[in-house]
Amino acid sequence: MKSNFFAMFFLILLSGICPVATVIFADNIQTIKVQMEKRLPLIVELKSKGIIGENNTGYLQYVQANRENEEVVNAENEDRKKVYAIIAKKEGASIGQVGSRRALQIAKKALKGDWLQDRNGKWYQK
């Protein structure tokens, strides 16, 4: 009887928490999206200057010694890692696998002159 009570209590608690967790999760995703959209113009500018490029793991990386706007690049990479983690959990993959797949997608859409890193780690301009 006692175990049934705890099982019922747990199910009731879980049913109350899941909708809240879903809302928090959705809010977090939306927050990340907004932050990434705000950074995009500066990231595009840094890419066009040849200061940063897209590495083969799905993250931004400096291709010059100039570390202009490092806090923006770091924040972008942190948000990408969060997004990759969410996708990885959903797909049953690793964060590294998701990042590498994303790197291939980014390379296809990259603009002429953007710096990209190939599978072997060699940098090239598109």
### So residue 119, is it free of Cβ contacts under 8 Å to residues at least 60 places away in the same chain, basic (Lys, Arg) and closer than 22 Å to residue 52 by Cα
no
### Summary
Within segment 68-79, restricting to residues that are within 19 Å of residue 123 (Cβ to Cβ) and modelled with pLDDT of 95 or more, the one that is farthest from the chain's Cα centre (by Cα) is 70
### Query
outside any helix (DSSP H, G or I) and surrounded by 14 or more Cβ atoms within 10 Å (Cβ to Cβ): does that describe residue 121?
no
### Task
Could you grab me the full set of residues in segment 58-80 that are surrounded by fewer than 17 Cβ atoms within 10 Å (Cβ to Cβ) and either in a loop (DSSP other than H, G, I, E, B) or touching a residue at least 60 places away in the same chain (Cβ under 8 Å) (or both)?
64, 65, 66, 67, 68
### Task
Answer yes or no as to whether residue 95 is touching a residue at least 40 places away in the same chain (Cβ under 8 Å) and under 13 Å from the mean Cα position of the chain (by Cα).
no
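The values are calculated or read from the model by the stated rules, or taken from the named source; none is laboratory data. It should be emphasised that the depicted structure is a prediction, and the values quoted were computed from it without experimental measurement. Because the Cβ atoms are built from the backbone with ideal geometry, glycine has one as well, and the counts that use them run over all protein chains shown.
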